[in-house]
Amino acid sequence: MTDEEIYSRLTPIFRDVFDDDTLTPHPEMTAAEVPAWDSLSNIRLVVAVEVEFKIQFSTGEVAALKNVGEFVNVIRQRATR
Amino acid sequence: MSERPRVLVWSELKEGMTVSLPFRIGQSEMDTFRKLSGDSSRIHIDAEFARSRGFSGPVVYGALTVARLSHLVGMHLPGDLGLATSWRIDFNQPLYIGEEAIFNGELTHVSQSTHTVSLKFRVYAGEKLIASGTAGSKLLDE
């Protein structure tokens with residue numbers, strides 16, 4: 001799976017979870033630049049990504065992520081379709 | 001004595017678990033919710049008005065169906081240790097006062113990383129789909 005495909009599938013998830021139709025995830029994006037990105041919305045984001053890509057993250061993986069680019073790296077390693 | 005919530009710990013929650021809860025909304029619940037919400041729109045309280053708009057009678061407040069969702073997740077699946085993180089609901093067809101209905105829920109995703117579970121639900125009155133949606137809950141420590 002290419003990063004382009006991952007970002008194209010992440011975009012509607014980000015827009016839905018953070019209720020912002022202008023949001024476009026990019027590698028350097030962090031929670032600090034998205035006002036609605038709090039602990040509860042982060043749970044919704046992780047769950048929505050797990051469901052979309054049919055994968056499971058570990059607690060440690062999620063806690064260690066520093067930005068969207070690292071999130072995409074983990075998705076690419078795990079996702080098969 | 002009031003019903004006690006089911007206590008399910010994390011290791012007991014599995015995808016595919018289901019729960020079905022029959023219910024019926026009566027006039028007293030409609031009256032209570034009207035006072036609580038301040039919603040006196042005629043579609044919910046005026047039978048003549050509702051019939052003139054093509055309904056069989058006053059339509060049950062959607063929030064009273066949502067209240068049954070609260071019962072389902074808080075009391076049954078995941079039960080006592082769950083904390084709601086998201087609810088989404090679509091209302092498909094009207095539910096009428098006194099009509100027999102059933103809430104069917106199924107656990108569709110168990111997220112180890114966030115300690116949350118996702119539930120899909122459908123509400124039927126006979127063959128009629130009343131509402132459908134999803135509910136997410138984070139499981140608290142025992």
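Which of the residues belonging to the stretch B:118-142 are out of contact with any helix residue (DSSP H, G or I) (no Cβ under 9 Å at 6 or more places or on another chain) and aliphatic (A, V, I, L, M)?
Within the stretch B:118-142, B:125, B:129, B:140 meet the criteria.
Yes or no, residue by residue, for (1) part of a loop (DSSP other than H, G, I, E, B); (2) touching a residue at least 24 places away in the same chain (Cβ under 8 Å); (3) at negative phi:
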position: A:26; (1), (2), (3): yes, yes, yes
position: A:36; (1), (2), (3): yes, no, yes
position: A:41; (1), (2), (3): no, yes, yes
position: A:46; (1), (2), (3): no, no, yes
position: A:51; (1), (2), (3): no, no, yes
position: A:61; (1), (2), (3): no, no, yes
position: A:74; (1), (2), (3): no, no, yes
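Are any residues in the stretch B:1-43 in contact (Cβ under 8 Å) with a residue 60 or more places away in the chain, outside any strand (DSSP E or B) and more than 29 Å from residue B:115 (Cβ to Cβ), and if so, which ones?
Listed by number, the residues that qualify are B:25, B:26, B:27, B:30.
Evaluate the stretch B:44-56: report whether one residue or more is more than 14 Å from chain A (Cβ to nearest Cβ), touching an Asp or Glu at 6+ places or on another chain (Cβ under 8 Å), touching a residue at least 12 places away in the same chain (Cβ under 8 Å) and of a type outside the set (Gly, Ala, Ser).
No, the stretch B:44-56 has no match at all.
Mind listing whichever residues of the stretch B:100-116 are surrounded by 19 or more Cβ atoms within 10 Å (Cβ to Cβ) and more than 9 Å from chain A (Cβ to nearest Cβ)?
Listed by number, the residues that qualify are B:101, B:103, B:105, B:107.
Looking at (1) buried (at least 16 other Cβ atoms within 10 Å of the Cβ); (2) outside any loop (DSSP other than H, G, I, E, B), which is the one condition that is false for residue B:77?
It is condition (2) that residue B:77 fails.
Would a scan of the stretch A:8-18 turn up a residue that is more than 10 Å from chain B (Cβ to nearest Cβ) and in a loop (DSSP other than H, G, I, E, B)?
The answer is yes, given that some residue of the stretch A:8-18 is more than 10 Å from chain B (Cβ to nearest Cβ) and in a loop (DSSP other than H, G, I, E, B).
Restricting the search to the stretch A:43-60, which residues are at the interface with chain B (Cβ under 7 Å from one of its Cβ atoms) and not small (Gly, Ala, Ser)?
A:43, A:44, A:46, A:47, A:50, A:51, A:56, A:57, A:59
Would you check which residues across the stretch B:97-123 are in a strand (DSSP E or B) and among the polar types (S, T, N, Q) and list them?
Across the stretch B:97-123, the qualifying residues are B:104, B:108, B:111, B:116, B:118.
Test residue B:120 against the stated conditions and say whether it is within 14 Å of chain A (Cβ to nearest Cβ), basic (Lys, Arg) and crowded, with 17+ Cβ neighbours inside 10 Å.
no
Every read-out reported here was derived from the displayed coordinates using simple, explicitly stated rules and does not represent laboratory data. Remember, predicted model here, so these are calculated numbers, not experimental data. Every residue, glycine as well, gets a Cβ built from its backbone with ideal geometry; the counts of neighbours run over all protein chains shown.
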